[in-house]
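A.B. asks: Below are the structure tokens for one structure; questions will follow.
The values are calculated or read from the model by the stated rules, or taken from the named source; none is laboratory data. Everything numeric here is computed off the predicted structure, so don't read it as measured data. So basically every Cβ, Gly included, is an ideal-geometry build from the backbone, and we count neighbours across all protein chains shown. Just so you know, the surface numbers come from the protein's heavy atoms only, side chains and all, with ligands and any DNA or RNA stripped out. Shrake-Rupley method; radii C 1.70, N 1.55, O 1.52, S 1.80 Å.
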Amino acid sequence: MNVQQIVLASRPIGLPSKENFRTESRVLDHLNENEVLLKSWFISVDPYMRGRMSDVKSYAASFELNQPIKGNIVARVVESHSRSFEVGDSVAGLLPWATYSIENAANLRKVDTRSFPPGYHIGILGMPGLTAYFGITDIGRPMPGETVVISGAAGAVGLAAGQIARISGAHVIGIAGTDEKCRILTEEFGFDNAINYNSSGNLRKTIAGICPIGIDVYFDNVGGEITDAVVANLNNHSRFVLCGQISQYNSTRIATGPAILPIFLSRSVKLQGFIVRNYTDRFGEGLKQLTKWVKDGKLKYKETIIQGFDNLPDAFLGLFSGKNIGKMLVEAE
Ligand code: NDP
């Protein structure tokens with residue numbers, strides 16, 4: 001069977017471009033025992049994949065040159081040599097960017113695409129949702145009435161983190177890159193306030209005006225100057241949840257982060273970085289709670305769906321210019 005796949009053609013220096021990817025055809029082998037043939041359906045693009053495109057050692061192994069990019073995918077089983085899956089089942093797993101792929105059944109989980117849109121299983125009920133859940137409930141731990149600020153608030157993780165902080169009874173402010181995103185945060189997702197960092201002028205002063213009694217929890221998805229402005233407004237004994245640093249992922253020079261460290265010292269701020277897979281043992285608990293909140297209407301969600309397998313590189317690149325609201329996905333079919 002002839003299939004299309006997208007491989008890493010070269011390693012980016014700075015901002016990635018379409019030239020770093022190449023689409024090619026390949027012929028799939030026959031299925032072995034316990035394997036299934038999958039047709040890719042919804043494909044997730046995620047900021048952490050930028051790190052995997054480099055050859056710098058990190059928590060996730062680098063993608064190999066001339067090999068398919070891998071990411072979270074919801075796929076449909078079209079042929080099965082496994083007792084665990086039948087033709088027509090929907091599954092999620094870490095799969096190659098390919099129109100079809102062969103995978104061992106042990107690496108897949110069955111997902112319910114009747115009760116939830118398929119993309120939810122790689123979004124709010126997948127890695128981004130779990131990241132928000134553990135970052136807020138285990139690290140940030142906002143108390144009722146405390147002020148929580150979320151950067152990258154209109155993205156997959158940020159939307160969930162803000163709403164979970166609201167469920168905890170906190171006062172929640174989101175920071176995002178457009179007026180439209182800010183409107184959605186307050187009108188559709190229950191954030192108490194939102195700041196457009198591109199039009200706010202002096203961000204540090206804007207935050208001080210909106211958070212007159214300071215910030216108790218900062219959930220950071222972006223880093224850089226936005227984070228410097230938030231940190232200036234942190235309260236004594238506040239918590240800094242270090243989730244992501246997207247503003248730095250394409251940087252070719254070392255950032256000047258230590259400049260803000262004296263604030264951490266003088267205000268006894270507790271900073272904790274984390275990787276969601278630290279919580280693998282508790283994913284069951286997290287998924288149960290997230291599913292309940294979604295079913296109860298307490299946790300809403302949004303997806304930006306780009307049509308067409310060939311548009312995967314564009315969708316991925318769009319993350320770095322804020323093209324998405326909520327989870328960025330590609331519908332392959
Ligand atoms: P998003 O859906 O938030 O997409 C990325 C968003 O980041 C864009 O829409 C854009 O929104 C914003 N952005 C892009 N470039 C910049 C910049 N230079 N400065 C400020 N904002 C920028 O992605 P995710 O929700 O999937 O991920 C959010 C963060 O969480 C990422 O940093 C990611 O690496 C991290 N993460 C960490 C995990 C962990 O285990 N620690 C797991 C999953 C994600 P805007 O228009 O507002 O600028």
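A.B. asks: Can you send over the carbon and sulfur percentage of the accessible area for the stretch 99-174, probe radius 1.4 Å, protein chains only?
C.D. replies: Result for the stretch 99-174: 49 percent of the exposed heavy-atom area is carbon or sulfur.
A.B. asks: Right, here's the next one. Tell me the chymotrypsin sites (Phe, Trp or Tyr not before Pro) within the stretch 1-108 that lie in a loop according to DSSP and have at most 10 other beta-carbon atoms within 10 Å.
C.D. replies: Taking the stretch 1-108 and a limit of 10 other Cβ atoms within 10 Å, the loop chymotrypsin sites (Phe, Trp or Tyr not before Pro) found are TYR59.
A.B. asks: Okay, next question. Got a number for carbon plus sulfur as a percent of the stretch 184-284's accessible area, 1.4 Å probe?
C.D. replies: Solvent-exposed carbon and sulfur of the stretch 184-284 make up 52 percent of the total.
A.B. asks: A further question on this structure: Taking a probe of 1.4 Å, how large is the accessible area per residue of the stretch 8-138, in Å²?
C.D. replies: That works out to 47 Å² for each residue.
A.B. asks: Now for a separate question. Please compute, over every Cα-Cα pair in the stretch 120-183, the percentage with a separation greater than 17 angstrom.
C.D. replies: Looking at the stretch 120-183, the distances longer than 17 Å represent 36 percent of pairs.
A.B. asks: Rolling a 1.4 angstrom probe over the protein heavy atoms, how many square angstrom per residue are accessible across the stretch 261-333?
C.D. replies: 55
A.B. asks: Per q in 0.13, 0.18 Å⁻¹, report the Debye log10 I(q)/I(0) for the stretch 147-256, using one uniform scatterer on each alpha carbon and no solvent.
C.D. replies: The calculated log intensity ratios at q = 0.13, 0.18 Å⁻¹ are -0.41, -0.81.
A.B. asks: Given a Förster distance of 56 Å, report the FRET efficiency between GLU33 and THR186 from their Cβ-Cβ distance, rounded to the nearest 0.05.
C.D. replies: It comes to 0.55.
A.B. asks: Ok, one more. Just the Cα atoms of the stretch 12-151, one point each, no solvent: what log10 I(q)/I(0) does Debye give at q = 0.10, 0.12, 0.18 Å⁻¹?
C.D. replies: -0.44, -0.62, -1.12
A.B. asks: Hey, what's the Kirkwood Rh for the chain if you take every pair of different alpha carbons, in angstrom?
C.D. replies: About 20.7 Å, per the Kirkwood formula over Cα pairs.
A.B. asks: Distance cut-off 18 Å, Cα to Cα: go down the list LYS302/LYS323; LYS39/LYS292; LYS39/LYS302; LYS298/LYS323 and report the pairs above it.
C.D. replies: Pairs exceeding 18 Å: LYS39/LYS292; LYS39/LYS302; LYS298/LYS323.
A.B. asks: As a test of the formula, what do you get for the chain when each DSSP H run with n ≥ 4 contributes -39,500 (n - 2.57) and the sum is divided by the residue count, at 222 nm and rounded to the nearest 500 deg cm²/dmol?
C.D. replies: It comes out at -6500 deg cm²/dmol, rounded to the nearest 500.
A.B. asks: Continuing with the same structure: What span do the alpha-carbon atoms of the stretch 275-333 cover on each of the three principal axes, reported in whole Å from largest to smallest?
C.D. replies: Ordered largest first, the stretch 275-333 gives principal extents of 36, 28, 24 Å.
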